[in-house]
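Read the figures in this text as sums done on the coordinates, not as results from a lab. Being a predicted model, the structure only gives us computed values, none of them experimental. Every residue, glycine among them, receives a Cβ derived from its backbone with ideal geometry; neighbour counts consider all protein chains shown.
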Amino acid sequence: MEIFHIGAECYPVAKVGGLGDVVGALPKYQNNAGQLVRVVLPRYETKFIQENEFDAVFSGVVKLGISEFSFNVLKERTNKLGYELYLIAIPTLFDRKEIYGYEDDIERFLSFQIATLDWITTRNEIPTIIHCHDHHTGLIPFMMQCANKYERLQTVPTVITIHNSIYQGQFGFDKLYYLPEFDLSKAYLLEWDNRINSLASAIKCASAVTTVSPNYLNEINDWAYGLESLFRLVKDKSKGILNGIDTEVWNPATDNMLETNYSIKNFQKGKQENKEKLCTEFNLDPKKPLFSFIGRLLEEKGADLLPHVAAMALSEHPKEINILVLGSGNAEIENQLTHLQTSFKGNYNAVIGYNEELAHLIYGGSDFLLMPSRVEPCGLNQMYAMRYGTIPIVRRTGGLKDTVIDFGDNGNGICHDQASVSDVCYSIQRAVNLYKDKKKTNDIRKLGMQIDHSWESVCQQYIEVYNLILEQK
């Protein structure tokens, strides 16, 4: 079957979070499984795009109400990512430094969706499946179903994968005229809470709805930032599928971003050498357990707890632990984490920003990874950590609950129930005690490294969803 994945991110082309990792990996493994897979995303000003060559395969003009924007469809020449990569180049809207965060994001991503469908509908063959990711592509199922100009695509089944229901792509009906012409009696398919809601529209119109973990699907039936009743209505076409990780990219035995490569056979030596590299670079003590955080510094990730957790844990264990933070996001959280560097020199450091190479080294050299998330639809960091022999410390929520079992229950990590300073600090205390028992610590590391979180089995679950909706059609 011919599958189009359409999203706002795709590693290594453009990435902010887990969405990029999924859209970068799932298509490759589906392609390896014998499917014909194409990925479509906007053309941003990123390093990958600037360093690779593309051919123009289509050009057009996207109409957004009374505004018009010229666009080109660019295809990456060599299929170096393991699938066909297409970029929608709309210079006026996407030739910018950041992926998100602009006042005209609604216009940017709506134009991207319209341009994508304008191109697809002109192709000789229509796709077997169109797979959309998050609200940035959420209006595609509606437009395929209802817009006059895309009548040719009405019979193509669509899937919407929800990576995070917090972000819904809402805007007022005063912008309804942006959409291609359609029967206004179908406008109810766009509406939720008296506004156009891109994610809600996708949930209503898509042939199937998937979430990135089974537990997250359960959670959003009870609380989904206003969409919980809608999720309950579509439960018969919904499925929670736990994300995988790209085990070719995330492999400590071959990862060229590590100081020293290692496997489950020699991880003690390998992790120690990576830890020494980290500690030398960030003025930490390699003899102490290293606790790290990698991710966006946002409340949903529990990052607002980190300054208080770090101050309390380092005060209680001044000679026993190191803490290292890598991330960016909320400016106040960034400032608080930076300020701690003056108070806990030699035991603490923070890098504000994101560095893929450093992230790999932190997974390779850390002893424990902190994930005190309030919301974590799937979470990939805990899977990366376990793959690299780093023990995750997580709050039981979303995909963290699906993937991490407390070592007290013969599991692979340390778990707590509340996103609170006291719960996280108590978990750190448990980790300090665990670290003193080298055999048990290493047994837990081995357990985590042996778990198969690869995409091979996961991509088959998506193919089963595709086959089911094709049969229903």
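Straight-distance candidates among the aspartates and glutamates for linking to residue 75, with alpha-carbon spacing under 13 Å and chain neighbours fewer than 8 residues away dropped: 53, 55, 84. Relative intensity of the stretch 63-156 on a log10 scale, I(q)/I(0) at q = 0.15, 0.22, 0.23 Å⁻¹, equals -0.66, -1.35, -1.43, per a Debye sum over C-alpha point scatterers of equal strength in the absence of solvent. Amide H to amide H distances under 5 Å link residue 84 with 37, 39, where only residues 5 or more positions off or on other chains count and H is placed in the peptide plane. Considering all different alpha carbon pairs of the stretch 140-237, the Kirkwood hydrodynamic radius works out to 14.0 Å.
Looking at the stretch 107-157, the GluC sites (Glu not before Pro) that sit in a DSSP loop and have at most 10 other Cβ atoms within 10 Å of their own Cβ are 125.
Volume per residue, Å³, of the convex hull around the alpha-carbon atoms of the stretch 325-403? Please list the in-between numbers first.
Details: hull volume 8.0 nm³, N = 79.
For the stretch 325-403, the hull spanned by Cα atoms encloses 102 Å³ per residue.
Report note on the peptides 112-118, 278-284, 63-69, 168-174: ranked by the mean count of other C-beta atoms within 10 Å, highest first, their order is 112-118, 278-284, 168-174, 63-69.
Using the average count of surrounding beta-carbon atoms within 10 Å as a protection proxy, the listed peptides 314-323, 300-309 rank, highest first, as 300-309, 314-323.
Applied to the stretch 421-436, the Karplus parametrisation 6.51 cos²θ - 1.76 cosθ + 1.60 on θ = phi - 60° returns per-residue 3J(HN,Hα) values of 4, 5, 5, 5, 5, 5, 5, 5, 4, 4, 5, 4, 5, 4, 4, 6 Hz, with x for Gly and Pro.
As a test, work out the antiparallel percent of DSSP beta bridges whose residues both lie in the chain, rounded to the nearest 5.
30 percent
Here the calculated FRET efficiency for residue 343 and residue 234, from their Cβ-Cβ distance with R0 = 30 Å, stands at 0.05, rounded to the nearest 0.05. Spin-label pair residue 184-residue 460: with each label point 7 Å from Cα along the Cα-Cβ axis, the two points sit 5.2 nm from one another.
Let's test the formula: R0 of 41 Å, r as the Cβ-Cβ distance of residue 121 and residue 221. What FRET efficiency results, to the nearest 0.05?
With R0 = 41 Å, the Cβ-Cβ based efficiency is 0.70.
Beyond 29 Å, what share of the Cα-Cα pairs of the stretch 267-451 remains, rounded to the nearest whole percent? Cα-Cα pairs in the stretch 267-451 separated by more than 29 Å: 10 percent.
An ellipsoid equivalent to the chain, defined through the eigenvalues of its Cα gyration tensor, has semi-axes of 41, 22, 22 Å when rounded to whole angstrom and sorted largest first. Here's the list of lysines a cross-link from residue 204 could span, going by alpha-carbon distance under 26 Å and ignoring same-chain residues fewer than 8 apart: 63, 149, 175, 186, 235, 237, 239, 473. The stretch 80-127 and the stretch 306-378 have Cα centres separated by 35 Å. With the convex hull of the Cα atoms taken as the outline of the stretch 1-63, the averaged projected area works out to 5.4 nm².
For residue 437 and residue 300, the difference between the fully extended length at 0.36 nm per residue and the C-alpha to C-alpha distance is 46.0 nm. Computed over the chain, the per-residue total of -39500 (n - 2.57) for DSSP H runs of n ≥ 4 gives a 222 nm mean residue ellipticity of -11000 deg cm²/dmol, rounded to 500.
FRET efficiency for residue 78 and residue 128, Cβ-Cβ distance as r, R0 = 35 Å, nearest 0.05? Given R0 = 35 Å and the Cβ-Cβ separation, E is 0.90. Over all pairs of different C-alpha atoms, the stretch 1-154 has a mean inverse distance whose reciprocal, the Kirkwood radius, equals 15.6 Å. Sorted fewest first by neighbouring Cβ atoms within 10 angstrom, 61, 159, 16 come out as 61, 16, 159.
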